[in-house]
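Enquirer: Handing you a structure now.
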Amino acid sequence: MKFLKIVLLVCFFIAAVVLFLPKKNLYYFAEEELAKFKTVIAHEQVNEGLFSLNLKHADVYVEGIRVAKVMEASLAVYIVHNALEAHRIRLSGMAKNFLPTRIETLKVSYDLWDPFEIRLMAKGEFGEAEGNYLLKTRKLTVVLHPSKMMRNSYKNLLRQMKKKKNGEYAYEQRF
């Protein structure tokens, strides 16, 4: 019984910390840190929830060039599990010649029990992709399940990836 009380108190403490965390201030701090990499998020509407932070209509600029428009994004912070989920991302028209410009869903998650890995999943007109970024080795790995449109219109991009026997494409990069 004593153990149960301790577990409940710890859970209550974690929930209270997350609940009263100044999420907007942390978001603006993250924006300042992104600015060091010449990346700016502008024109967004920021709404703070109990355990989340929601963005709408965010424009993403890299070195002064608009590269994407994110219609909706939600950041859920639970300390042990954090997730960013973005919907209806539209890449700049300049990218149309190189890759598909519509991303319907992008999910990025980080778990405290696996502190050196960031997982990602995406769906869009390119098909479906899943991957991870290993913080220790700074290695990004993505597996793409290409759509028919991707196979027909973006053959040059697929040639730069490794084709697997099951029709998937793999991409690895260190940075």
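Enquirer: Between residues in segment 79-92 that are touching a residue at least 24 places away in the same chain (Cβ under 8 Å) and at positive phi and residues that are loosely packed, with under 15 Cβ neighbours inside 10 Å and among the β-branched types (V, I, T), which pairs lie under 8 Å by C-beta distance while being six or more apart or on different chains?
Expert: I79/I14; I79/V17
Enquirer: All but one of (1) charged (D, E, K, R); (2) within 21 Å of K163 (Cβ to Cβ); (3) out of contact with any Ser or Thr (no Cβ under 9 Å at 6 or more places or on another chain) hold for D111, so report the exception by its number.
Expert: Of everything listed in (1) charged (D, E, K, R); (2) within 21 Å of K163 (Cβ to Cβ); (3) out of contact with any Ser or Thr (no Cβ under 9 Å at 6 or more places or on another chain), D111 misses just condition (2).
Enquirer: Right, next: Could you list, in sequence order, all residues of segment 1-55 that are touching an Asp or Glu at 6+ places or on another chain (Cβ under 6 Å) and among the charged types (D, E, K, R)?
Expert: K23, K24, K38
Enquirer: Name the residue, out of E33, E130, that is among the acidic types (D, E) and within 22 Å of K148 (Cα to Cα).
Expert: From the options E33, E130, the qualifying one is E130.
Enquirer: Every residue in segment 41-61 that is of a type in the set (V, I, T) and under 15 Å from the mean Cα position of the chain (by Cα), please.
Expert: I41, V60
Enquirer: Tell me whether segment 86-100 contains one or more residues that are in contact with a Ser or Thr (Cβ under 8 Å, 6 or more places away or on another chain) and within 23 Å of L50 (Cβ to Cβ).
Expert: Yes, because at least one residue in segment 86-100 is in contact with a Ser or Thr (Cβ under 8 Å, 6 or more places away or on another chain) and within 23 Å of L50 (Cβ to Cβ).
Every residue, every condition in (1) in contact (Cβ under 8 Å) with a residue 12 or more places away in the chain; (2) out of contact with any strand residue (DSSP E or B) (no Cβ under 6 Å at 6 or more places or on another chain); (3) under 18 Å from V60 (Cα atoms); (4) among the β-branched types (V, I, T), yes or no:
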{"position": "F98", "(1), (2), (3), (4)": "yes, yes, no, no"}
{"position": "P115", "(1), (2), (3), (4)": "yes, yes, no, no"}
{"position": "M121", "(1), (2), (3), (4)": "yes, no, no, no"}
{"position": "F126", "(1), (2), (3), (4)": "yes, yes, no, no"}
{"position": "V142", "(1), (2), (3), (4)": "yes, no, no, yes"}
{"position": "L157", "(1), (2), (3), (4)": "yes, yes, no, no"}
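Enquirer: Look at segment 118-169 and say how many of its residues are over 29 Å from N82 (Cβ atoms), aliphatic (A, V, I, L, M) and touching a Gly at 6+ places or on another chain (Cβ under 9 Å).
Expert: 2
Every read-out reported here was derived from the displayed coordinates using simple, explicitly stated rules and does not represent laboratory data. These numbers were taken from a predicted model, which means no experiment stands behind them. All Cβ positions, even for glycine, are placed from backbone atoms using ideal geometry, and neighbour counts span all protein chains on display.
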